[in-house]
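*Asks:* Here it is: the structure, laid out below.
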Amino acid sequence: HSPMVSTKKQKKAAENINSRLALVMKSGKSSLGYKSSLKAIRQGKAKLIVLANNCPPLRKSEILYYAMLAKTGVHHYSGNNIDLGTACGKYYRCSVLTITDAGDSDIIRSTEA
(Lines give C-alpha, C1' and ligand atoms only; values in the text may rest on other atoms or scores of the structure.)
Protein backbone atom coordinates (compact mmCIF):
# COMPACT_ATOMS: atom_id res chain seq x y z
CA HIS A 1 0.00 0.00 0.00
CA SER A 2 3.01 2.36 0.13
CA PRO A 3 3.12 3.07 -3.65
CA MET A 4 -0.43 4.43 -3.35
CA VAL A 5 0.77 7.14 -0.97
CA SER A 6 3.46 8.33 -3.38
CA THR A 7 1.01 8.60 -6.28
CA LYS A 8 -1.36 10.53 -4.08
CA LYS A 9 1.48 12.85 -3.08
CA GLN A 10 2.48 13.33 -6.72
CA LYS A 11 -1.11 14.12 -7.64
CA LYS A 12 -1.30 16.66 -4.84
CA ALA A 13 1.98 18.26 -5.98
CA ALA A 14 0.75 18.39 -9.56
CA GLU A 15 -2.51 20.02 -8.48
CA ASN A 16 -0.51 22.50 -6.41
CA ILE A 17 1.65 23.42 -9.42
CA ASN A 18 -1.45 23.63 -11.63
CA SER A 19 -3.23 26.02 -9.27
CA ARG A 20 -0.08 28.15 -9.03
CA LEU A 21 0.27 28.15 -12.82
CA ALA A 22 -3.34 29.29 -13.12
CA LEU A 23 -2.61 32.13 -10.70
CA VAL A 24 0.47 33.16 -12.69
CA MET A 25 -1.57 33.18 -15.90
CA LYS A 26 -4.12 35.46 -14.21
CA SER A 27 -1.90 37.86 -12.30
CA GLY A 28 1.64 37.55 -13.65
CA LYS A 29 3.50 37.55 -16.92
CA SER A 30 4.61 34.49 -18.79
CA SER A 31 5.48 33.36 -22.28
CA LEU A 32 4.50 30.08 -23.83
CA GLY A 33 6.68 28.35 -26.35
CA TYR A 34 10.28 27.55 -27.10
CA LYS A 35 11.39 30.62 -29.06
CA SER A 36 9.86 33.19 -26.73
CA SER A 37 11.28 31.28 -23.75
CA LEU A 38 14.77 31.45 -25.22
CA LYS A 39 14.32 35.18 -25.80
CA ALA A 40 13.22 35.71 -22.21
CA ILE A 41 16.18 33.72 -20.86
CA ARG A 42 18.61 35.65 -23.08
CA GLN A 43 17.26 38.96 -21.84
CA GLY A 44 17.52 37.73 -18.26
CA LYS A 45 13.79 38.19 -17.70
CA ALA A 46 12.99 34.55 -17.02
CA LYS A 47 12.31 33.74 -13.36
CA LEU A 48 11.24 30.12 -13.79
CA ILE A 49 11.04 27.70 -16.69
CA VAL A 50 8.51 24.86 -16.79
CA LEU A 51 9.24 21.95 -19.13
CA ALA A 52 6.69 19.31 -20.13
CA ASN A 53 7.81 15.71 -19.74
CA ASN A 54 7.59 14.99 -23.48
CA CYS A 55 9.61 17.99 -24.60
CA PRO A 56 12.06 16.86 -27.33
CA PRO A 57 15.45 15.93 -25.79
CA LEU A 58 17.50 18.37 -27.89
CA ARG A 59 15.15 21.24 -27.09
CA LYS A 60 15.10 20.26 -23.42
CA SER A 61 18.89 20.16 -23.15
CA GLU A 62 19.19 23.50 -24.93
CA ILE A 63 16.72 25.12 -22.53
CA LEU A 64 18.50 23.55 -19.55
CA TYR A 65 21.84 24.84 -20.81
CA TYR A 66 20.49 28.37 -21.26
CA ALA A 67 18.87 28.18 -17.83
CA MET A 68 22.14 27.09 -16.24
CA LEU A 69 23.97 30.01 -17.83
CA ALA A 70 21.28 32.44 -16.71
CA LYS A 71 21.01 30.77 -13.27
CA THR A 72 17.27 30.34 -13.77
CA GLY A 73 15.23 27.66 -12.03
CA VAL A 74 13.77 24.85 -14.13
CA HIS A 75 10.75 22.83 -13.08
CA HIS A 76 10.14 19.51 -14.79
CA TYR A 77 6.37 19.36 -15.09
CA SER A 78 4.95 15.92 -14.38
CA GLY A 79 2.46 15.98 -17.27
CA ASN A 80 2.95 16.09 -21.03
CA ASN A 81 2.62 19.12 -23.29
CA ILE A 82 -1.16 18.75 -23.53
CA ASP A 83 -1.46 18.84 -19.72
CA LEU A 84 0.85 21.85 -19.50
CA GLY A 85 -1.19 23.76 -22.06
CA THR A 86 -4.37 22.90 -20.17
CA ALA A 87 -2.83 23.93 -16.86
CA CYS A 88 -2.13 27.32 -18.40
CA GLY A 89 -5.77 27.61 -19.40
CA LYS A 90 -5.00 27.30 -23.12
CA TYR A 91 -6.61 25.01 -25.65
CA TYR A 92 -3.34 24.05 -27.29
CA ARG A 93 -0.21 22.08 -26.47
CA CYS A 94 2.80 23.72 -24.88
CA SER A 95 6.13 22.06 -24.05
CA VAL A 96 7.98 25.08 -22.64
CA LEU A 97 6.60 27.81 -20.41
CA THR A 98 8.61 30.71 -19.01
CA ILE A 99 7.43 32.80 -16.09
CA THR A 100 8.81 36.33 -16.30
CA ASP A 101 6.72 37.78 -13.48
CA ALA A 102 5.00 35.57 -10.93
CA GLY A 103 2.35 38.12 -9.93
CA ASP A 104 0.48 37.04 -6.79
CA SER A 105 1.76 33.46 -7.00
CA ASP A 106 4.54 31.98 -4.88
CA ILE A 107 5.42 29.47 -7.61
CA ILE A 108 9.06 30.52 -7.87
CA ARG A 109 9.73 30.01 -4.15
CA SER A 110 7.72 26.80 -4.01
CA THR A 111 9.49 25.04 -6.90
CA GLU A 112 12.94 25.89 -5.55
CA ALA A 113 12.13 24.28 -2.21
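*Asks:* Starting from the eigenvalues of the Cα gyration tensor, five times each then square-rooted, give me the equivalent ellipsoid semi-axes of the chain, largest first, whole Å. Could the numbers behind the result be given before it?
*Replies:* On the way: eigenvalues 98, 50, 39 Å².
The three semi-axes for the chain are 22, 16, 14 Å.
*Asks:* Lysines within cross-link reach of Lys45: Cα-Cα under 27 Å, excluding same-chain residues under 8 positions apart?
*Replies:* Lys26, Lys29, Lys35, Lys60, Lys71, Lys90
*Asks:* Counting only other residues whose beta carbon sits under 10 Å from that of Thr98, what net charge do I get with K and R as +1, D and E as -1?
*Replies:* Numbers: positive: Lys29, Lys39, Lys45, Lys47; negative: none.
Every neighbour counted, the sum reads +4.
*Asks:* Still on this model: With every protein chain present, what accessible area does Ser36 have (1.4 Å probe, heavy atoms only), rounded to the nearest 10 Å²?
*Replies:* In the full protein context, Ser36 sits at about 40 Å².
*Asks:* Where does helix 57-70 land angle-wise versus the long Cα axis of the chain, in degrees 0 to 90, nearest 10?
*Replies:* That helix lies at roughly 70 degrees to the long axis.
*Asks:* Check which residues have an amide H placed less than 5 Å from Thr100's amide H, if you skip close sequence neighbours.
*Replies:* Sorted by chain and number, the residues that satisfy this are Lys29, Ser30, Ser31, Lys47.
*Asks:* Mind listing the long-range amide H neighbours of His75? Cut-off is under 5 Å, sequence gap 5 or more, other chains count too, H placed in the peptide plane at 1.01 Å from N.
*Replies:* For His75, whose amide H was placed from the backbone, the distant partners under 5 Å are Ile49, Val50, Leu51.
*Asks:* Which whole-Hz ³J(HN,Hα) couplings does the stretch 32-47 yield from phi under the Karplus relation 6.51 cos²θ - 1.76 cosθ + 1.60, θ = phi - 60°, glycine and proline marked x?
*Replies:* Computed from phi, the couplings for the stretch 32-47 are 9, x, 6, 5, 5, 5, 4, 4, 4, 5, 4, 7, x, 8, 5, 9 Hz.
*Asks:* Does anyone have the angle between helix 2-27 and the longest principal axis of the chain? Alpha-carbon axes, 0 to 90°, nearest 10?
*Replies:* Value to nearest ten degrees: 40.
The values are calculated or read from the model by the stated rules, or taken from the named source; none is laboratory data. This one's a predicted model, so the numbers in the text were calculated from it and none came from an experiment. Methodologically, a virtual Cβ is constructed for each residue, glycine included, from the backbone with ideal geometry; neighbour enumeration extends over all protein chains shown. SASA here: full protein model, heavy atoms, side chains in, ligands and nucleic acids out. Shrake-Rupley method; radii C 1.70, N 1.55, O 1.52, S 1.80 Å.
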